[in-house]
Amino acid sequence: MAGPILTFLSDYGTADEFVGVCHGVIARLCPDATVIDIAHGVPRHDVRVGALILRSALPFMPAGVHLAVVDPEVGAQRRALAVRVAQEDRILVGPDNGLLSLAAARLGGVEAVDVSRSPHRLEPVSATFHGRDIFAPVAAHLASGDPLAGGGEPLDASELVALELPQASFQDGEVIAHVLYADRFGNLMLDVSHAALLDRGLKLGDGVELEVGGRRMRARYARTFADVAPGELLVYEDAQQALALAVNRGSAAERVGAARDAEIRLRRR
């Protein structure tokens, strides 16, 4: 691709002008940039889902500047960030509310600046649209090659807000996992790796017993959705090499009824 790369993730949706306006700001300040929209359908104000999607997507994006805006505390005292990571010298731009933390941890965050009062921001700054007035212009200037240090005040990376996720555990032949989130198909993303399940002796095609909130149900450990009958529950390895629950041509979120962070116990049957 010619020119700098700038990716964009938000909870703005596409029904209003917010995404288009941010694109316009970027185009005025860095007209050579190629902008890749990762997602704008993040559930509104859902920082954790945004952070998980960002972490999953960035390894497949070209190196560049990565703008992310899921900002329920816009106008409050949270900081605005630009963070340089070690992998391919990428820069993440967004609010200091944990949105950038999972990707920065995976990619090796090494340098951060507070861009809340950046000389790159648009004036006057709206109290409610920092995506337009702070994050997009800062990202555009950095994509244009402006130095990170000139974009704001230096920060100790250890001071940045980090998300805390539940941790899977293993006990007496059981995998004790947790629901991280449900995608738009109703598939439930879990906090345990595919490799960890294999280490517990489970093989493709095995039956799996699930226990959720005292209720027990049966599933099959399958490679893909079509390996089970329509309406059947399956455990599978998702595109991020983690475990997920699905119903072939249905919704595991509806079938299982497990809320975010709910504990799901899996054992071979």
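For the residues Ala104, Ala27, Ala136, a GNM of the chain with alpha-carbon springs under 10 Å puts the largest fluctuation on Ala27.
Using helices alone, I'd like the mean residue ellipticity at 222 nm for the chain: each DSSP H run of four-plus residues gives -39500 (n - 2.57), total over residue count, nearest 500. Before the final figure, lay out the partial values.
On the way: 6 runs with 48 residues, N = 269.
Calculated mean residue ellipticity at 222 nm is -5000 deg cm²/dmol.
For the chain, what D do you get in µm² per second when you plug the Kirkwood radius from alpha-carbon pairs into Stokes-Einstein at 4 °C and 1.567 mPa s? List each step's numbers first, then the result.
Values: Rh = 19.8 Å.
After rounding, the answer is 65 µm²/s.
Entry for segment 118-269 at q = 0.10, 0.16, 0.19 Å⁻¹: log10 I(q)/I(0) = -0.53, -0.80, -1.01, Debye formula applied to identical alpha-carbon scatterers, no solvent contribution. Projecting the Cα positions of Gly231, Leu204, Ala244 onto the charge dipole of segment 169-268 (unit charges on Cβ atoms of Lys, Arg, Asp and Glu, taken about the Cα centre) puts Gly231 furthest along the positive direction. Each residue, Leu163 and Asp37, gets one label point 7 Å from its Cα in the Cβ direction; the gap between the two is 2.2 nm.
Please compute the length gained on full extension between Ala15 and Arg265, using 0.36 nm multiplied by the number of residues separating them and subtracting their Cα-Cα distance.
On the way: separation 250, 0.36 × 250 = 90.00 nm, distance 3.95 nm.
Contour length minus Cα-Cα distance gives 86.0 nm.
Considering only the chain, what is the antiparallel percent among its DSSP beta bridges, to the nearest 5?
Working: 42 of 57 bridges.
Taking every DSSP beta bridge with both residues in the chain, the antiparallel ones total about 75 percent.
Can you order the peptides 56-62, 219-225 by their average number of other Cβ atoms within 10 Å per residue, highest first? Please report the intermediate quantities before stating the final value.
Values: 56-62: 16.0, 219-225: 18.0.
Result, highest mean Cβ count within 10 Å first: 219-225, 56-62.
Taken along its three principal axes, the alpha carbon spread of segment 32-103 comes to 31, 25, 23 Å, from the longest extent down to the shortest. Each part gets one Cα centre, and for segment 90-153 versus segment 167-235 those centres are 38 Å apart. Take every Cα-Cα pair in segment 1-72 and report what % of them are more than 21 Å apart. Result: 25 percent of Cα pairs exceed 21 Å.
The local environment of Gly75, defined by Cβ-Cβ distances under 15 Å, has a net charge of +1 under the rule Lys, Arg +1 and Asp, Glu -1. Note on segment 5-159: Kirkwood hydrodynamic radius from all Cα pairs is 14.9 Å, rounded to one decimal. Springs join every pair of Cα atoms under 10 Å in this Gaussian network model of the chain, and among Ala162, Ala246, Ala76 the largest mean-square fluctuation is at Ala76.
All of the numbers you see were taken from the coordinates with simple rules; none came from a lab. Remember, predicted model here, so these are calculated numbers, not experimental data. We place every Cβ from the backbone using ideal geometry, glycine too, and count neighbours over all the protein chains shown.
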